[in-house]
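Asker: Have a look at this one before I ask anything.
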Amino acid sequence: MDASLPEYLVREQAAVGALVAFGFLRVLAAAIAFARGWRIALVEYAGIGAAALWCAPQLAMLIQDAASAAALAELEGKVVGSAIALFFSPILSHLLGYE
């Protein structure tokens, strides 16, 4: 029995997980940076680095097995979710007054 989720569900689940995780962490990091007087560019670089580390396991699996559809679907979802979160969370942080 080879019961697995369809690729689009894996992609959507990974995208929503990354969106929630990085959106929340980015706003939280902006609030901490604002309270401590750190530059907001540091938060941006840390967010991009964390997103790269978040996607690294699927990238390694995809390099190891180029025909892995599950790894590709999860990598696509994580990259899209991270990109959306890191693009729109500064807007929310600005509206909350942290930037």
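Asker: Given a 1.4 Å probe and every protein chain left where it sits, what share in percent of the accessible area of the chain is carbon and sulfur?
Answerer: Percent of accessible area from carbon and sulfur atoms in the chain: 72.
Asker: Cα convex hull of the chain: mean projected area in nm², to one decimal?
Answerer: 6.9 nm²
Asker: If you don't mind, another one. Can you compute the helix-only [θ] at 222 nm over the chain? Use -39500 (n - 2.57) per DSSP H run of at least 4 residues, normalise by all residues, nearest 500 deg cm²/dmol.
Answerer: It comes out at -30000 deg cm²/dmol, rounded to the nearest 500.
Asker: Compare L42, L59, L19 in a GNM of the chain, Cα atoms joined below 10 Å, and give the one with the largest fluctuation.
Answerer: Sorting by GNM fluctuation, first place goes to L42.
Asker: Another one. Just to confirm, what accessible area per residue do you get for the stretch 7-96 at 1.4 Å probe, in whole Å²?
Answerer: The answer is 63 Å² per residue.
The values are calculated or read from the model by the stated rules, or taken from the named source; none is laboratory data. It should be emphasised that the depicted structure is a prediction, and the values quoted were computed from it without experimental measurement. What goes into the accessible areas is simple: the full protein's heavy atoms, side chains included, and nothing from ligands, DNA or RNA. Shrake-Rupley method; radii C 1.70, N 1.55, O 1.52, S 1.80 Å.
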